[in-house]
Amino acid sequence: MGSIPHSMGLRVKPPKEQAFDNFILLHRDREKELQEYKNFVKIYNQYCRIHTWQQRNSKRWLHSAVHRRVDAAMQEHQAGIEERRERLHELLEGEKSQYFAEMESLEGTELDRQEKMRERAKLLREKRETARQQLVAEKLEQQFREPCGELHEKWMKKHQQEVCKDPANSMIL
């Protein structure tokens, strides 16, 4: 029984010094892995902070860029408004001067208009006087004709002949 076959599952224990050295090596390997993990976590956290900083700053940069564009657009819009105001102001000034010129010309025209009104009143008076004189002449003739029977008959015949001459009036009879 001197030798035990290796296949039976018995293990030979290494000497105690070798086990302690293995333990130290294993412990060093674990410390090395732990240090690598710590370094990895440190680098990961550093990248996370950089990423967060970039995200925050990119939002600020975007906000600043948008703000600059909006400011530029607003300044352009204000310049357009000022230009339109200036144009409208010039237009208003032109219309004012034209209005004042018309008012001054109307003052001169006012005298002309009064003169025209006087002439028109004179013409209307003359026309009215002419119509009145004609009416007076007709009434005098009528007064003259009524007492004269013969003249009245002649006048009636003459009037009838005039009516018969007009084709529109002859249809009525």
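Here are GLN143, GLN161: which of them is open to solvent by 80 Å² or more (accessible area, probe 1.4 Å) and modelled with pLDDT under 80? It is GLN143.
Residue pairs whose Cβ atoms lie under 7 Å apart, separated by 6 or more positions or on different chains, with the first residue in segment 17-36 and touching a residue at least 12 places away in the same chain (Cβ under 8 Å) and the second exposed (fewer than 10 other Cβ atoms within 10 Å of the Cβ), do not occur.
The values are calculated or read from the model by the stated rules, or taken from the named source; none is laboratory data. All values derive from a computational prediction rather than experimental measurement. Ideal geometry is used to build each Cβ from the backbone, glycine not excepted, and the neighbour counts take in all protein chains shown. These accessible areas exclude ligands, DNA and RNA; they are computed on the full protein's heavy atoms, side chains included. Shrake-Rupley method; radii C 1.70, N 1.55, O 1.52, S 1.80 Å.
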